[in-house]
Amino acid sequence: MNSGGMIYNILSLGVPFSVALLVAALGENFNQRAGIFNLGCEGIMSMGAFLGFLPAFFIKTGPLAAHVNLLGFVFAMAAGALLGLLFALVTVTFRASQGIAGIGLQMFGWGIAGTLSRHFVGGVTGVEGVPAWAIPGLAKIPFLGGVLFNHNPVVYIAFLMVPTSWYLLFRTPWGLKVRAVGTYPRAADTMGINVNRVRYQALMLGGAMAGFAGAYLSLCQAKMFADDIVAGRGFIAVALVYFGRWNPVGILGGALLFSLAQTLQLSIQVGGIKFPYEFAVMLPYVLVIVVLAFTRKARMRGPTELGKPYNREMRV
Amino acid sequence: MQAASEPIQELKLVGICKRFPGILACDNVSLEVKRGEVLALVGENGAGKSTLMNILAGLYQPDSGTISLNGEAVHFKTPNAAFAHGIGMVHQNFMLVPNLTVVENVALGSKNLHRFMNLDLNGARRRIKEISEHHELPVNPDAYIWQLSVGEQQRVELVKTLCFGAQLLILDEPTSALTPQETDDLLARLKRMTAELSIIFISHKLNEVKALSDRVTILRHGAVVFNGTTADHTPAELAALMTGHEVTLPRNESHDQSTEVILSVKALRARGDRGNLALDGLDLELRAGEVLGLAGVSGNGQRELADVLAGLRPVESGTIHFQGKNLTNHSPRRMIEAGLGYIPEDRHHEGIVPSFSVQDNLVLKDYASPKFSFSCFLKLGEIERNAESLRECFDIRCSSTSVATGSLSGGNIQKVILAREIARCPKALVAVYPTRGVDMGAQEFIHTQLLARRKEGVGVLLISEELEEIMNLSDRIAVIYKGRILKVLPAAIATREQLGLLMAGVVNE
């Protein structure tokens with residue numbers, strides 16, 4: 001394979017590969033901007049992947065059969081929002097330690113999805129999934145067309161979520177409230193913002209997006225469900241939020257960097273390049289650690305109250 | 001959060017009680033304010049002033065008692081409800097979100113600017129402009145809060161509260177972080193505002209209370225002990241009412257100069273937490289047996305200087321000599337062993353381990369010495385005896401020396417730190433804001449202790465923003481401004497005005 005072809009392959013594979021990470025991290029960004037650290041992202045993605053897959057698995061005929069994928073995404077997002085609500089109840093209302101609650105949610109989502117899958121599905125079965133849809137005209141552009149405009153439609157939706165999230169966070173009243181409650185909840189409270197309500201909303205939105213990311217994995221990427229389908233992407237998404245400094249554009253950069261490194265290592269293995277595959281597999285993770293370690297900390301811009309429950313009547 | 005429909009003619013609080021776990025913060029408090037009036041609410045720390053005002057601002061719920069506006073009972077369940085009635089509070093710790101701009105902070109609380117999927121920032125900008133021009137409070141609407149100085153933040157906080165339509169302004173210790181000039185400026189400004197507003201002014205600085213207020217209400221241990229017209233009483237009378245006894249803070253009268261330099265700092269440069277050059281070529285000499293007061297508005301490098309001296313912050317260039325030895329960039333342990341005592345600014349996080357007992361905190365720096373340990377075992381009996389004797393000498397009020405130190409009051413925590421540092425017989429003592437937030441009784445005690453150390457030949461570096469404290473205790477006064485020492489004056493000839501100008505960076509030869 002010539003090097004041009006290899007680069008083309010890496011890029012055109014890496015872009016759809018980044019979607020699950022991107023959407024989950026954009027959702028986690030809303031959580032963290034509101035001051036809640038949700039390590040349970042992985043668990044919500046597992047549930048999303050399972051519930052997204054379920055309609056396509058069960059409904060093969062009938063009037064709904066044409067809409068199974070849409071139905072799957074709706075189920076996944078609803079379940080994600082519900083799990084976000086559960087997490088909000090535990091960490092916002094009952095003020096439980098967010099780290100511990102997050103690990104609990106991760107194991108809960110992962111375990112339930114696996115158990116239900118064994119019960120209803122049994123072994124590993126494939127589904128048709130969401131087919132690719134080339135954007136007319138744009139897909140014909142040499143090189144770029146294949147890299148950017150020849151994917152399944154969910155990819156395009158996911159990339160539109162970047163400017164949408166940015167706008168929501170930086171240009172709407174709700175985004176302003178989210179940023180305020182994550183940085184100085186007491187100030188927000190004195191200005192008449194209901195801190196806990198905003199945190200609930202942010203957690204539910206973040207959960208729905210994690211569910212969406214999970215459904216993407218089972219319906220668009222793997223086109224099947226297995227209980228380890230998420231494979232740590234939820235945790236990587238949490239790291240990407242730091243990496244992107246709580247900014248959707250930065251998160252997009254992080255998600256692309258990670259997934260391109262991932263496809264690079266795959267093509268190193270597939271392309272028969274002489275390189276120990278163990279190190280190739282490590283590459284994306286090492287890259288993230290190195291970049292995280294050497295990026296300058298933006299202390300004044302991030303949510304400084306991240307991880308701390310708010311109690312109005314606590315004396316300061 | 002629009003301007004209230006009718007103006008506030010009269011506000012009355014009757015029989016307000018508020019209990020926190022373990023304390024009665026407000027005990028049957030009643031007070032009233034009329035239109036155009038300035039009421040000073042005076043009391044020591046922990047007297048319940050802030051709690052009472054947080055109730056009035058809708059942030060806390062009272063356990064009992066009523067609030068009435070223009071004769072009508074009102075109940076503020078949320079801060080929104082208080083705004084809606086025209087009550088606005090400027091908190092002691094500014095309620096501004098640091099990573100938002102001024103305009104965003106105002107927009108955050110202005111619900112009428114919130115549209116679906118759109119934020120009317122231009123509306124907020126117009127409102128800020130209107131208010132700041134009307135009240136002569138200049139602010140830059142597009143600056144981030146974290147970029148502003150404390151004085152600027154205060155102006156923003158005032159403008160913000162006025163933008164929300166406040167007619168009764170509650171100011172919680174508004175001058176605590178300002179220079180004397182900024183303070184005068186603020187008082188003049190507030191005086192002008194009384195034409196349109198009522199003000200409740202919380203303070204324990206009695207000269208400010210005298211300058212601004214019409215009436216004064218004094219709280220002690222959560223209860224009202226005095227209510228009267230300001231003009232009829234002298235500051236000394238008010239101070240006695242506030243503390244419950246006559247207070248005479250000790251003064252350093254001798255001013256005799258020793259010459260032996262014990263700590264010398266030359267051309268010191270170090271960076272602050274944000275990477276800025278917080279100390280920029282600072283020179284300072286501390287002599288044995290003197291109190292050197294370091295005056296300055298906080299944020300001019302005091303914190304960084306204290307950190308550097310304690311060995312907690314790396315020095316970029318310059319030297320620190322302690323008793324002739326170069327100790328630049330040595331570890332905190334080396335500084336401690338060399339004989340440097342340190343009373344840190346943040347007593348809860350740096351001065352003590354809050355969850356440790358008083359006994360343990362008293363040996364934090366010496367637990368490994370043969371006096372308190374044998375091989376790898378602690379001598380618990382010795383540690384307890386040490387604590388009991390220090391508790392007596394330093395009048396530490398606690399139910400037992402085995403209680404968690406964090407549960408003591410601020411003044412007593414400070415006494416624990418003072419006892420630990422002084423018991424180690426330091427050669428020099430760096431005291432950073434040693435009386436900030438402690439009551440007058442503890443303040444008197446701490447001042448007496450510092451002067452006693454001076455007599456014994458200890459060099460005391462006193463970092464404070466209370467000019468009075470510095471002028472009372474010091475032999476010499478150094479003024480710090482933007483990471484440099486602007487000038488060193490003998491305390492005997494320094495005046496308040498002169499120091500105030502220097503603190504603002506004005507040097508007129």
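The table below lists the values:
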item	result
Condition met for B:Thr259 (in a loop (DSSP other than H, G, I, E, B), touching a helix residue (DSSP H, G or I) at 6+ places or on another chain (Cβ under 9 Å), more than 14 Å from chain A (Cβ to nearest Cβ) and open to solvent by 60 Å² or more (accessible area, probe 1.4 Å))	no
Matching residues, the stretch B:282-294, being open to solvent by 30 Å² or more (accessible area, probe 1.4 Å) and within 25 Å of the chain's Cα centre (by Cα)	none
Answer from B:Leu178, B:Leu186, B:Leu171 - the residue that is open to solvent by less than 30 Å² (accessible area, probe 1.4 Å) and assigned to a strand (DSSP E or B)	B:Leu171
Scan of the stretch B:208-251 for residues that are of a type in the set (Ser, Thr, Tyr) and open to solvent by less than 30 Å² (accessible area, probe 1.4 Å), ordered by number	B:Ser213, B:Thr217, B:Thr230, B:Thr243
Among residues of the stretch B:189-215, those that are over 23 Å from B:Ile131 (Cα atoms), among the β-branched types (Val, Ile, Thr) and outside any strand (DSSP E or B), counted	1
Residue count, the stretch B:62-96 (criterion: without any contact (Cβ under 8 Å) to a residue 24 or more places away in the chain, open to solvent by 50 Å² or more (accessible area, probe 1.4 Å) and either assigned to a loop (DSSP other than H, G, I, E, B) or within 8 Å of chain A (Cβ to nearest Cβ) (or both))	4
Condition check for B:Pro141: more than 10 Å from every other protein chain (Cβ to nearest Cβ), touching a helix residue (DSSP H, G or I) at 6+ places or on another chain (Cβ under 9 Å) and at pLDDT below 85	no
Residue within the stretch A:238-259 that is open to solvent by 60 Å² or more (accessible area, probe 1.4 Å), under 30 Å from A:Thr93 (Cβ atoms), without any contact (Cβ under 8 Å) to a residue 40 or more places away in the chain and within 14 Å of chain B (Cβ to nearest Cβ) present	no
Any chance A:Arg171 is open to solvent by 20 Å² or more (accessible area, probe 1.4 Å) and within 14 Å of another protein chain (Cβ to nearest Cβ)	yes
Residues being open to solvent by 10 Å² or more (accessible area, probe 1.4 Å), part of a loop (DSSP other than H, G, I, E, B) and within 26 Å of A:Arg245 (Cβ to Cβ) - total across the stretch A:1-49	2
Qualifying residue in the stretch B:97-116 (condition: open to solvent by less than 10 Å² (accessible area, probe 1.4 Å) and away from chain A (no Cβ under 11 Å))	yes
Residues of the stretch B:15-53 that turn out to be out of contact with any Cys (no Cβ under 9 Å at 6 or more places or on another chain), in a helix (DSSP H, G or I) and at pLDDT below 90, as a count	2
Considering residues of the stretch B:295-349 that are touching a residue at least 60 places away in the same chain (Cβ under 8 Å) and open to solvent by 70 Å² or more (accessible area, probe 1.4 Å) only, the residue farthest from the chain's Cα centre (by Cα)	B:Gln323
Flag for B:Ala124 being open to solvent by less than 60 Å² (accessible area, probe 1.4 Å), without any contact (Cβ under 8 Å) to a residue 24 or more places away in the chain and part of a helix (DSSP H, G or I)	no
Whichever residue in the stretch A:115-138 is surrounded by 15 or more Cβ atoms within 10 Å (Cβ to Cβ) and outside any loop (DSSP other than H, G, I, E, B) and, among such residues, is modelled with the lowest pLDDT	A:Trp133
Criterion (open to solvent by 60 Å² or more (accessible area, probe 1.4 Å) and either more than 14 Å from every other protein chain (Cβ to nearest Cβ) or among the charged types (D, E, K, R) (or both)) met by exactly one of B:Glu157, B:Glu130	B:Glu130
Per-region count, the stretch B:360-388, residues in contact with a helix residue (DSSP H, G or I) (Cβ under 9 Å, 6 or more places away or on another chain) and under 19 Å from B:Glu421 (Cβ atoms)	14
Residue in the stretch B:406-423 that is at pLDDT below 90, touching a strand residue (DSSP E or B) at 6+ places or on another chain (Cβ under 9 Å) and either among the acidic types (Asp, Glu) or outside any helix (DSSP H, G or I) (or both) present	no
The stretch A:193-216, subset open to solvent by less than 10 Å² (accessible area, probe 1.4 Å) and closer than 21 Å to B:Ile87 by Cα, residue nearest to the other protein chains (Cβ to nearest Cβ)	A:Ile193
Residues located in the stretch B:357-397, provided they are over 29 Å from the mean Cα position of the chain (by Cα) and either among the acidic types (Asp, Glu) or surrounded by 14 or more Cβ atoms within 10 Å (Cβ to Cβ) (or both)	B:Asp366, B:Tyr367, B:Phe372, B:Ser373, B:Leu378, B:Lys379, B:Glu382, B:Ile383, B:Glu384, B:Asn386, B:Glu388
Of residues in the stretch A:176-192 being out of contact with any Ser or Thr (no Cβ under 9 Å at 6 or more places or on another chain) and among the small types (Gly, Ala, Ser), the one farthest from the other protein chains (Cβ to nearest Cβ)	A:Ala188
Enumeration of residues in the stretch B:468-498 that are assigned to a helix (DSSP H, G or I) and either open to solvent by less than 10 Å² (accessible area, probe 1.4 Å) or among the charged types (D, E, K, R) (or both)	B:Glu468, B:Glu469, B:Ile470, B:Leu473, B:Arg496, B:Glu497
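The values are calculated or read from the model by the stated rules, or taken from the named source; none is laboratory data. Just so it is clear, the model here is predicted, and its values are computed rather than measured. Cβ coordinates were reconstructed from backbone atoms using ideal geometry, including for glycine residues, and neighbour counts include every protein chain displayed. When the accessible area is computed, the model is the full protein with side chains, heavy atoms only, and any ligands, DNA or RNA have been set aside. Shrake-Rupley method; radii C 1.70, N 1.55, O 1.52, S 1.80 Å.
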